[in-house]
Structure formats: C-alpha cells, structure tokens
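A.B. asks: My questions all concern the structure below.
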Amino acid sequence: MTTVTALEDQAGQVLDQSYTQFKQAQLALGKEQVFANAAQIFAVGEIATATRQYLFDEEIARQVIKLQDQVLLIMYQQGQNGEFLKLNFTGNDIRWLLGLPRTHHRQRLPK
C-alpha cells in the first residue's frame with residue numbers, strides 16, 4: 001500500500017480546481033458551443049485523469065502546482081500544438097504536456 005505525500009495531495013487539489021474551473025466555463029456556454037467543444041471537453045477530462053495517475057512523480061506534481069488553475073488548458077494547448085491527442089497517456093506523455101523533459105522508465109519507489 002502506498003501513501004500520498006503532501007506534494008501529491010497539493011497537486012491533486014490544484015488539478016481538481018483547474019478541472020472544476022474548466023467544467024464551469026464550459027457549462028456557461030450555449031448548447032451549440034458545448035457541442036462544438038465536445039472533443040476538447042473529452043480530451044481535457046482524459047488529461048486530468050491521466051495526470052492524476054502520475055502525481056507521484058515529484059517533477060510532475062511540482063509543475064502542476066506551478067501552473068495552478070491553467071494547468072489543464074496549458075496541457076491541452078501543448079497537445080494541440082504538437083497535434084498530439086491520444087487516450088492512453090504514459091508518464092512521459094504527461095511530462096511532455098507539462099513542458100518537462102521525458103525520462104526513462106522509472107519505477108515508483110515504495111514509501
């Protein structure tokens with residue numbers, strides 16, 4: 001069993017806040033615009049879910065905290081700029097979306 005560090009917890013809160021703000025902004029739009037944004041809404045949800053799985057990586061967690069409320073929009077924009085959108089995210093994909101260097105395969109150390 002692993003324990004969540006304070007850094008992971010803080011990054012998770014930032015991620016939740018960013019996603020809540022994104023959803024609220026989308027809900028404020030008209031039906032047609034929400035429909036037009038469906039791909040973005042889906043992608044941001046997938047990015048948020050995948051990022052949460054990699055918050056144990058201290059660099060990822062720190063970058064999420066640094067980017068604050070804009071973290072998901074920045075990650076989505078990075079993906080769009082690279083014409084990169086997929087459904088199976090790896091830790092290196094998340095690092096790239098956050099503007100961090102990719103790493104070799106690292107195993108999570110027991111805490």
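The values are calculated or read from the model by the stated rules, or taken from the named source; none is laboratory data. Because the structure is predicted, anything quoted here is derived from the model rather than measured. Cβ sites come from the backbone with ideal geometry, for glycine too, and all protein chains shown count toward neighbours. In case anyone asks, the SASA skips ligands and DNA or RNA and just uses the protein heavy atoms, side chains included. Shrake-Rupley method; radii C 1.70, N 1.55, O 1.52, S 1.80 Å.
Each row is one residue, and each column tells you yes or no for (1) in a helix (DSSP H, G or I); (2) open to solvent by 40 Å² or more (accessible area, probe 1.4 Å); (3) closer than 12 Å to Leu97 by Cα; (4) charged (D, E, K, R).
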site: Thr20; (1), (2), (3), (4): yes, yes, no, no
site: Lys23; (1), (2), (3), (4): yes, yes, no, yes
site: Leu29; (1), (2), (3), (4): no, yes, no, no
site: Gly45; (1), (2), (3), (4): yes, no, no, no
site: Arg52; (1), (2), (3), (4): yes, yes, no, yes
site: Leu55; (1), (2), (3), (4): no, no, no, no
site: Ile60; (1), (2), (3), (4): yes, no, yes, no
site: Val64; (1), (2), (3), (4): yes, no, yes, no
site: Val71; (1), (2), (3), (4): yes, no, yes, no
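A.B. asks: Related question: Take the residues in the stretch 91-106 that are part of a helix (DSSP H, G or I) and open to solvent by 30 Å² or more (accessible area, probe 1.4 Å), then tell me which one is modelled with the lowest pLDDT.
C.D. replies: Asn92
A.B. asks: Here is a further query. Can Phe35 be described as over 11 Å from the mean Cα position of the chain (by Cα), surrounded by 12 or more Cβ atoms within 10 Å (Cβ to Cβ) and either in a helix (DSSP H, G or I) or small (Gly, Ala, Ser) (or both)?
C.D. replies: No; evaluated as a whole, the condition is false for this residue.
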